[in-house]
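The values are calculated or read from the model by the stated rules, or taken from the named source; none is laboratory data. Worth saying up front: this structure is predicted, and the values here are computed from it rather than measured. Please note: Cβ atoms are built from the backbone with ideal geometry, for glycine as well, and neighbour counts cover all protein chains shown. Please note that ligands, DNA and RNA were not included when accessible areas were found on the heavy atoms of the full protein model with its side chains. Shrake-Rupley method; radii C 1.70, N 1.55, O 1.52, S 1.80 Å.
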Amino acid sequence: MSESVVKLEPSWKARIGDYLQRPEMRALSNFLRAEKQAGKKIYPPGAEIFAAFAHTPFDAVRVVILGQDPYHGTGQAHGLCFSVRPGVRVPPSLDNIFKEIRRDLGIARPGHGCLTAWAERGVLLLNSVLTVEEGRAGAHANRGWEGFTDAAIEALNRERESLVFLLWGSYAQRKGALIDGNRHCVLRSVHPSPLSAHRGFLGCGHFSAANRYLEAHGQAPVDWSLPA
């Protein structure tokens with residue numbers, strides 16, 4: 001996978017850019033190219049595949065939210081996990097996230113589902129798999145992305161201290177094996193999906209807990225509100 005095409009944000013390129021030259025990443029690049037040539041729609045658009053890294057440089061990360069793979073509906077995915085573009089209907093999992101923020105912090109639900117402001121405040125919104133085929137959730141699983149995003153988490157775990165990792169659901173929690181709980185705060189819950197949110201996500205208090213941890217370690221709390 002060519003770095004000149006990828007244009008990975010410089011602070012991230014310095015840490016995980018070499019991973020893009022691995023054989024499995026070249027195979028992934030060839031796979032994506034072939035899928036596009038076959039007429040399949042791939043989300044998010046190419047320029048936004050690495051948006052999570054672009055919006056949240058390595059040294060700016062304070063909180064990490066891990067998702068699985070991008071939304072697979074038209075116009076939804078734009079490179080930040082759980083986020084949708086302004087004007088796109090808020091998906092059910094994100095709606096539950098907003099419900100928990102309101103319950104936990106008293107912050108009113110915004111009128112949109114674009115989380116770019118969070119990313120720019122130091123919340124890394126990272127999916128484990130960075131692309132998907134239209135209408136086929138999980139279509140690009142086990143194609144190579146998982147190792148790349150593992151490398152990103154490992155770099156944060158190794159080089160940073162006192163980060164907060166929010167691991168929602170069993171898939172995200174498996175990534176927890178890469179994180180040293182003595183150096184960082186790891187908060188776990190069921191997924192905010194309507195299928196599971198009532199079993200512990202709603203009421204988890206992760207947003208206030210994250211801020212308490214950050215403040216206890218000399219950092220500013222995250223502003224979880226979003227512009228109207």
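The C-alpha atoms of the chain define a longest principal axis, and helix 92-105 lies at about 30 degrees to it.
With a cut-off of 14 Å on the backbone N, the residues of the range 205-226 near the modelled label site 7 Å out from ALA117 along Cα-Cβ are 222-226. Over the chain, DSSP H runs of length four or greater, each weighted -39,500 (n - 2.57), average out per residue to a 222 nm ellipticity of -10000 deg cm²/dmol.
To the nearest 10, the accessible area of HIS55 is 70 Å² with a 1.4 Å probe. Note on LEU105/LYS7: beta-carbon distance plugged into 1/(1 + (r/R0)^6) with R0 of 30 Å gives a FRET efficiency of 0.25. Taking the C-alpha atoms only, the angle from helix 145-159 to the longest principal axis of the chain is near 50 degrees. Loop-located trypsin sites (Lys or Arg not before Pro) in the range 1-89 (DSSP state other than H, G, I, E, B) with a sparse environment of at most 15 neighbouring Cβ atoms within 10 Å: LYS7, LYS40, LYS41, ARG89. If the chain linking ALA47 and ASP95 were pulled fully straight, counting 0.36 nm for each residue of separation and taking away their Cα-Cα distance, it would gain 14.6 nm. Counting only residues at least eight positions apart within a chain, or on another chain, the lysines with an alpha carbon under 30 Å from that of LYS13 are LYS36, LYS40, LYS41, LYS175. Can you classify the range 147-224 as rounded, prolate or oblate using the Cα gyration tensor, where a ≥ b ≥ c are the square roots of its eigenvalues, rounded means a/c under 1.5, and otherwise it's prolate if a/b beats b/c and oblate if not? Because a/c hits 1.5 or more and a/b fails to exceed b/c, the range 147-224 counts as oblate.
Taking GluC sites (Glu not before Pro) across the range 99-173, the ones in a DSSP loop with at most 12 further Cβ atoms lying within 10 angstrom of their Cβ are GLU161.
For LYS7, no lysines have a Cα closer than 18 Å to its Cα, not counting residues fewer than 8 places off in the same chain. Taking the DSSP beta bridges with both ends in the chain, the antiparallel portion is around 20 percent.
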